[in-house]
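FYI, it's all coordinate maths here, none of it is from the lab. These figures come from a predicted structure and were not determined experimentally. Reconstructed Cβ throughout: ideal geometry from the backbone, glycine too, with neighbour counts over all protein chains shown.
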Amino acid sequence: MVGKWLPILKHWKPDLLVCDEIHYIKNRKAARTASVEALGYGVKHVIGLTGTPVANSPMELFTISNMDITA
């Protein structure tokens with residue numbers, strides 16, 4: 001869904017991005033991850049929310065915490 005709305009959302013140039021269910025952004029190769037990274041690129045503040053533990057592997061937590069979103 002993010003990929004579909006990405007051009008419109010990027011056009012707004014947000015200063016804050018709140019990502020709910022951030023645990024879905026755990027696969028570095030997934031289109032969803034790429035879309036969220038593109039949306040967050042250059043945003044000053046990014047907040048990721050989840051109620052689901054991310055404990056399947058350390059790599060999942062690494063992918064979420066090290067998203068390349070800085071300008």
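I'd like the orientation of helix 2-11 relative to the chain: the angle between its Cα long axis and the longest Cα principal axis, in ° from 0 to 90, rounded to 10.
40 degrees
As I understand it, the value is the acute angle between the Cα axis of helix 31-40 and the longest principal axis of the Cα atoms of the chain; what does it come to in degrees, rounded to 10?
Rounded to the nearest ten degrees, it is 50.
For residue 17, what residues show an amide H to amide H distance below 5 Å, using hydrogens built from the backbone and excluding near sequence neighbours?
The list, which skips near neighbours in sequence, is 45, 46, 47.
Could you work out how far apart the two model spin labels at residue 60 and residue 11 are, taking each label as a point 7 Å from the Cα in the direction of the beta carbon, and quote it in nm?
Each label point lies 7 Å from its Cα, and together they span 3.6 nm.
From the Cα gyration tensor of the stretch 1-60, with a ≥ b ≥ c the square roots of its eigenvalues, which class applies: rounded if a/c is under 1.5, or else prolate if a/b is larger than b/c, or else oblate?
prolate
What longest region of the chain stays clear of trypsin sites (Lys or Arg not before Pro) that DSSP places outside H, G, I, E and B and that have at most 11 other Cβ atoms within 10 Å?
It runs 1-28.
Taking only C-alpha pairs under 8 Å that are 6+ residues apart, what is the relative contact order of the chain in percent?
Value for the chain: 39 percent.
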